[in-house]
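The structure under discussion appears below in the form of structure tokens.
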Amino acid sequence: MFRNKSAVVSLVACIVAVITALPTSAATVLKLSHNQDRNHPVHKSMKFMADEVKELTGGEVKIRIYPNAQLGTQRESMELMQNGALHMVKSNASELETFEPAYGTFNLPYIFRNRDHYYRVMQGDVGEQILATSYDKGFIGLTYYDGGSRNFYANKAINSPADLAGMKIRVQPSPTAVQMIELMGGSPTPLAYGELYTALQQGVVDGAENNPAALTLSRHGEVAKVYSQDEHTMIPDVLLISSKAWDELSDSHQGALRQAAKNSMMYHKTLWEEMTNEAIDKAKNNLGVKFVSVEKQPFVDAVKPMHDAALQNPAIASYVRAIGELAE
Ligand code: GCU
């Protein structure tokens, strides 16, 4: 889109550095960008983490959180972090796939049997390996935050893949998400999250897919009235820190950050469940969104080729196999 993309990124980097500059102080201040609202569970969970880091380090490390994509979209924030203008980013596995292919593992539809399986992966060796793998790309992951299951929403029910024919479905900028919609028979339209409300409202897209919190906290339930529960993916949010910022922390500060990040994952687990139930109630009762149960098997069958291909893909095959073994 831009003729000189790196110049634009550098300019934005300078602006971010200036607007977030702090008075000189002994404390290390880590700037964290994300694209959700202050009322979103993930913001609250990261606030919990930041408070714990401050406490564990006696105020020597502070995390300043910038919500609502005010410092840029998820993609722009990643680029700012890689350029050194931001220390931390909360993204999700879907968008991370283009920065680190290992995250594509999480984006495979129906890879998890249920929430327990999903947690066993996030908390186990596979989850840890994926978090560590991107060090040479300029960042590492600290923890995952439950993002629930993703489902279609539009102004009509999507009971089977056939209902997606001719529909433009917004996806995250992720090759796996694009392929999933193509195999199910819809037309994938990658867009940044912040553009989605207007795109739905103006008919630029006919539908989208996300968890119930998107209906209320991002108000998508105002412009899409049917939520069809095919539960195609479970894609976690991921808390990241730049490799440079990480290396500059002392061992004990690194330990504090790791501990607080892990604790916030468990804090988030409970909060997510409560806030998802609340979002479903509000979407139904305040916004008039209809929740539809669908038969999943035709969706599972449609994406089978992705599982076959994943087992041949050296970037993710070993993770996919290990996840299969954790299914019980
Ligand atoms: C989830 C996730 C966001 C992401 C969004 C999307 O809400 O928490 O990080 O941007 O999905 O669909 O783009």
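The values are calculated or read from the model by the stated rules, or taken from the named source; none is laboratory data. Predicted model, so just to flag it, every value in this text is computed and none were measured. We place every Cβ from the backbone using ideal geometry, glycine too, and count neighbours over all the protein chains shown. Note: areas computed on protein heavy atoms with side chains; ligands, DNA, RNA excluded. Shrake-Rupley method; radii C 1.70, N 1.55, O 1.52, S 1.80 Å.
Any chance the stretch 273-283 includes a residue that's touching a residue at least 60 places away in the same chain (Cβ under 8 Å), open to solvent by 20 Å² or more (accessible area, probe 1.4 Å) and farther than 30 Å from residue 54 by Cβ?
Scanning the stretch 273-283 turns up at least one residue that is touching a residue at least 60 places away in the same chain (Cβ under 8 Å), open to solvent by 20 Å² or more (accessible area, probe 1.4 Å) and farther than 30 Å from residue 54 by Cβ.
When the stretch 231-244 is examined, which residues are found to be closer than 23 Å to residue 301 by Cα and either modelled with pLDDT under 95 or out of contact with any strand residue (DSSP E or B) (no Cβ under 7 Å at 6 or more places or on another chain) (or both)?
234
How many residues are open to solvent by 30 Å² or more (accessible area, probe 1.4 Å), within 15 Å of the ligand (Cβ to nearest atom) and part of a helix (DSSP H, G or I) when one looks only at the stretch 34-66?
1
Look at residue 227 and say whether it is touching a Pro at 6+ places or on another chain (Cβ under 9 Å), in contact (Cβ under 8 Å) with a residue 40 or more places away in the chain and within 16 Å of the ligand (Cβ to nearest atom).
Considered against the rule, which asks whether it is touching a Pro at 6+ places or on another chain (Cβ under 9 Å), in contact (Cβ under 8 Å) with a residue 40 or more places away in the chain and within 16 Å of the ligand (Cβ to nearest atom), residue 227 comes out as yes.
Whether any residue in the stretch 239-256 is in contact (Cβ under 8 Å) with a residue 12 or more places away in the chain, within 16 Å of the ligand (Cβ to nearest atom), surrounded by 16 or more Cβ atoms within 10 Å (Cβ to Cβ) and not in a helix (DSSP H, G or I) is what I want to check.
Yes: the stretch 239-256 contains one or more residues that are in contact (Cβ under 8 Å) with a residue 12 or more places away in the chain, within 16 Å of the ligand (Cβ to nearest atom), surrounded by 16 or more Cβ atoms within 10 Å (Cβ to Cβ) and not in a helix (DSSP H, G or I).
Applying the selection to the stretch 174-230, what residues are farther than 19 Å from residue 300 by Cα, touching a helix residue (DSSP H, G or I) at 6+ places or on another chain (Cβ under 7 Å) and of a type in the set (D, E, K, R)?
The answer is 219, and nothing else.
Out of the residues in the stretch 171-190 that are crowded, with 18+ Cβ neighbours inside 10 Å and within 15 Å of the chain's Cα centre (by Cα), state the one that is nearest to the ligand (Cβ to nearest atom).
It comes out as 172.
Kindly provide the set of residues from the stretch 178-236 that are of a type in the set (S, T, N, Q), within 22 Å of residue 113 (Cβ to Cβ) and in a loop (DSSP other than H, G, I, E, B), ordered by number.
The one that is of a type in the set (S, T, N, Q), within 22 Å of residue 113 (Cβ to Cβ) and in a loop (DSSP other than H, G, I, E, B): 211.
Going by the structure shown, is residue 69 at pLDDT below 95 and surrounded by fewer than 24 Cβ atoms within 10 Å (Cβ to Cβ)?
No: the conditions fail for residue 69.
Residue 16 is checked against (1) open to solvent by 10 Å² or more (accessible area, probe 1.4 Å); (2) at pLDDT below 95 and fails just one. What number does that condition carry?
Unmet condition: (1).
Could you go through the stretch 115-123 and let me know if any residue there is open to solvent by 10 Å² or more (accessible area, probe 1.4 Å), at positive phi and more than 15 Å from the ligand (Cβ to nearest atom).
no
Of all residues in the stretch 72-104 being part of a loop (DSSP other than H, G, I, E, B) and within 14 Å of the chain's Cα centre (by Cα), which is surrounded by the fewest Cβ atoms within 10 Å (Cβ to Cβ)?
Out of the qualifying residues, it is 98.
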